[in-house]
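Report on the following structure.
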Amino acid sequence: MITIRPIPAFTDNYIWYLQQDREHWVVDPGDAKPVIQSLGDARLSGILLTHHHFDHTGGVKALKAKYDCEVYGPGSIEGVTTPLTDGDRFSLMGRDWTVLAVPGHTLDHIALVLDGQDGRHLFCGDTLFAGGCGRLFEGTPEQMHDSLSRLASLPRDTKVYCAHEYTLANLAFAKAAEPRNPALDERIEEARAARAKDHPTLPSTIGEELQTNPFLRTQSAEIRSQSAAQGANPEGSAVEIFATLRHWKDTF
Ligand SMILES: [Zn+2]
């Protein structure tokens, strides 16, 4: 069985650490130091990358130099040994993985789906967050909306491993966007309790996100009326509502 745990980095990043027997992989190592500390005497087998931002790739050079390990990720990133593109499938740690292109936060962004013995696990970088989504640095609202829709169509019990602990701030925005969603109140309580104990709020599940993440809920009547107060046409397309929400969140 593959175990998955977060290695905290910088102020709010998580580097996901996957281990099975003598195989050790990390996802999005923005910093080499905490990875080396977590590995102890073990040797890093490889690195998986979701997109080019420095807080996800800053540790690649040092880790590659120290462990001479493989690097899977978008081909645009320096140091990648196995370039990945949409629809690619590969085997790692004895399990099948699938690559989904999810442009929006960046144009090179990919998400990785691990078909584990205990269900699916989604490593989605800065595209889908617990209760939110990434900022649009390079892509259009339409691209990001399409990307999130792809992720939202994964089975509901898929576990979601995003790359930042932004959950409480995201849920505060979600509450403003959809004040009368009861599932949201429950989730806020759970997230507060986890953070009070300094526990991560992750992974979440696609099911939880569908119930509480405003960026996946553009059909909600309440979100549409709240978006109208921000200038959207309440009868507008899902992309239009999404764009309004994203813009509103940028200054929330
Ligand atoms: Zn990023």
**Note, ³J(HN,Hα) from phi for the stretch 29-45, Karplus 6.51, -1.76, 1.60, rounded to Hz, x at Gly and Pro** = x, x, 9, 6, 4, x, 5, 4, 4, 5, 6, x, 7, 6, 9, 5, 7
**Asked** Considering the dipole of the chain built from charges on the beta carbon (Lys and Arg +1, Asp and Glu -1) around the Cα centre, which of Ala229, Val102, Val160 is farthest to its positive end?
**Response** Val160
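Taking 1 over the mean of 1/r across every pair of different Cα atoms in the stretch 105-238, what Kirkwood radius in Å do you get?
Working: mean 1/r = 0.0654 Å⁻¹.
By the Kirkwood definition, the hydrodynamic radius is 15.3 Å.
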**Item:** Where the Cα pairs of the stretch 91-142 fall when distances are cut into 10 Å bins, in %
**Value:** 25, 45, 24, 6
**Asked** Once you put a point 7 Å from the Cα of Gln230 and another 7 Å from the Cα of Met1, both along the Cβ direction, what distance in nm separates them?
**Response** 4.0
**Request:** For the stretch 166-208, evaluate the Debye formula with one uniform point scatterer on each Cα (no solvent term) and list log10 I(q)/I(0) at q = 0.34 Å⁻¹, rounded to two decimals.
**Result:** -1.29
**Prompt:** Which one of Phe215, Phe54, Phe137 has the biggest mean-square fluctuation once the chain is modelled by GNM with Cα springs under 10 Å?
**Reply:** Phe137
**Message:** How big is the dipole moment of the stretch 1-51 about its Cα centre under a simple scheme where the beta carbon of each Lys and Arg is +1, that of each Asp and Glu is -1, and everything else is neutral? Debye, nearest 20, please.
**Reply:** 80
**Item:** DSSP-loop trypsin sites (Lys or Arg not before Pro) across the stretch 168-250, with at most 14 other Cβ within 10 angstrom
**Value:** Arg180, Lys197
**Message:** Run the numbers for Arg150 and Phe90: contour at 0.36 nm per residue of separation, minus the present Cα-Cα distance, in nm.
**Reply:** 19.7 nm
**Asked** Near the amide H of Ile7, under 5 Å away, which other amide H atoms are found, from residues 5 or more places off or on another chain, if H is placed in the peptide plane?
**Response** Ile15, Trp16, Tyr17
**Loop GluC sites (Glu not before Pro), the stretch 209-252 (other Cβ atoms within 10 Å of the site Cβ: 16 or fewer; DSSP)** = Glu235
**Request:** Could you tally up the Lys pairs in the stretch 3-250 with alpha carbons closer than 15 Å? Skip any pair fewer than 8 positions apart unless they're on separate chains.
**Result:** 4
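Quick one: what do you get for the stretch 22-94 if you divide its Cα Rg by 2.2 N^0.38 Å?
Numbers: Rg = 11.7 Å, N = 73, 2.2 N^0.38 = 11.2 Å.
The stretch 22-94 yields a ratio of 1.04.
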**Prompt:** Per residue, what volume in Å³ does the Cα convex hull of the stretch 3-250 take up?
**Reply:** 115
**Message:** Given Cβ point charges of +1 (Lys, Arg) and -1 (Asp, Glu) and nothing else, what value in debye, to the nearest 20, does the dipole of the chain about its Cα centre take?
**Reply:** 320
**Asked** For the stretch 1-97, which GluC sites (Glu not before Pro) are both in a DSSP coil and crowded by at most 16 other Cβ atoms within 10 Å?
**Response** Glu78
**Prompt:** Among Tyr17, Tyr161, Tyr67, which one shows the biggest mean-square fluctuation in a GNM of the chain, springs joining Cα atoms closer than 10 Å?
**Reply:** Tyr67
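Laboratory data are not the source of any read-out in this text; all were calculated from the coordinates shown. Keep in mind that this is a model prediction, so the values were computed, not measured. Every residue, glycine as well, gets a Cβ built from its backbone with ideal geometry; the counts of neighbours run over all protein chains shown.
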